[in-house]
1. Give the stretch 179-209 a look and list any residue that's at pLDDT below 95 and touching a helix residue (DSSP H, G or I) at 6+ places or on another chain (Cβ under 7 Å), or say none.
2. Given the residues LEU112, LEU191, LEU116, which is the only one that is in contact (Cβ under 8 Å) with a residue 40 or more places away in the chain, crowded, with 17+ Cβ neighbours inside 10 Å and under 21 Å from ASN216 (Cβ atoms)?
3. Can you tell me which residue within the stretch 119-173, out of those that are touching a strand residue (DSSP E or B) at 6+ places or on another chain (Cβ under 7 Å) and of a type in the set (D, E, K, R), is farthest from ARG84 (Cα to Cα)?
4. Can you confirm whether the stretch 151-167 contains a residue that is under 25 Å from PRO115 (Cβ atoms) and either touching a helix residue (DSSP H, G or I) at 6+ places or on another chain (Cβ under 6 Å) or not assigned by TED's automatic domain parsing to the domain that holds LEU212 (or both)?
5. On the given criteria, is ALA172 assigned by TED's automatic domain parsing to the domain that holds ILE206, modelled with pLDDT of 95 or more and not in a loop (DSSP other than H, G, I, E, B)?
6. Mind checking which residues of the stretch 199-220 are over 17 Å from LEU77 (Cα atoms) and within 25 Å of the chain's Cα centre (by Cα)?
7. Which count do you get for residues in the stretch 175-188 that are in a loop (DSSP other than H, G, I, E, B) and crowded, with 20+ Cβ neighbours inside 10 Å?
Amino acid sequence: MSRLLAARAARCPRPALFRSRETMHSTQTRLRHGALTACAAALALLATGCSKASADAQAGDCRDDGHWSGREQAAWLRTAVSFRGTVDGAGPSYEDASVVVRARHTGDGRVLCQPLGVQVEFWTLSARTTGTETSSVMRYGLSADGSRTRTVGFPRGLPDGQDGICTRILVAAYAGAPLRGRELPRTTRDLAIAGDMDVRFGTERIGAYWLLPPQNPTACTPDRPTADPSPTRSTTWDIYHP
């Protein structure tokens with residue numbers, strides 16, 4: 001008897017009320033699924049847009065250098081400075097030689113948020129009976145942030161050693177204030193044979209330097225005569241250009 005009733009119940013159609021509830025539930029499920037899919041797509045687009053905007057903002061931003069130490073300033077300057085002309089020190093003058101602070105150098109190509117104060121200084125090194133005499137000839141101040149190239153020519157009238165005294169020219173580009181006291185350069189070998197590696201500065205602010213070969217090599221020989229210290233030191237030209 002129970003089997004017969006179950007068979008009849010299976011053949012009987014379900015009431016419309018139950019069918020309506022099932023249809024409504026299915027529709028709500030599809031709507032919720034569609035809404036979740038749309039939200040996920042919108043979030044993905046938003047994330048992509050924000051990421052691109054952030055990258056664009058970073059690419060167009062300046063490089064924060066306000067907290068840099070002297071060593072960090074020198075590291076930035078080292079990749080920007082180059083020396084041009086008078087490679088071998090030959091010639092009657094240094095009129096074709098220059099110090100160049102390039103724009104957009106290697107590494108992080110963004111300009112600096114705060115322009116860096118740079119000093120380009122020239123010294124003469126002369127062999128004396130008491131050792132090497134160092135005299136500042138010219139100091140040229142400028143500001144650099146990587147936005148443009150700055151060029152500083154060698155000063156006129158640099159000694160060429162034709163007076164028989166072993167004389168060399170040293171040029172350096174460094175960050176910050178002019179060098180003072182123990183920060184000034186010195187050589188650790190005989191001036192006649194000294195190279196760039198034999199020059200020492202008492203500071204970490206030096207970006208780049210160059211000890212030029214003597215223009216009169218015969219005056220810079222190991223058995224050369226030495227002269228007494230000069231009575232007066234060279235006058236320094238202090239030029240500042242922002």
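1. Those that are at pLDDT below 95 and touching a helix residue (DSSP H, G or I) at 6+ places or on another chain (Cβ under 7 Å): THR187, THR188, ARG189.
2. Going through LEU112, LEU191, LEU116 in turn, the sole match is LEU191.
3. ARG128
4. Taking every residue of the stretch 151-167 in turn, none turns out to be under 25 Å from PRO115 (Cβ atoms) and either touching a helix residue (DSSP H, G or I) at 6+ places or on another chain (Cβ under 6 Å) or not assigned by TED's automatic domain parsing to the domain that holds LEU212 (or both).
5. yes
6. Answer for the stretch 199-220, where residues must be over 17 Å from LEU77 (Cα atoms) and within 25 Å of the chain's Cα centre (by Cα): VAL199, ARG200, GLY202, LEU211, LEU212.
7. Residues meeting the conditions: 2.
The values are calculated or read from the model by the stated rules, or taken from the named source; none is laboratory data. These numbers come from a predicted model, not from an experiment. Methodologically, a virtual Cβ is constructed for each residue, glycine included, from the backbone with ideal geometry; neighbour enumeration extends over all protein chains shown.
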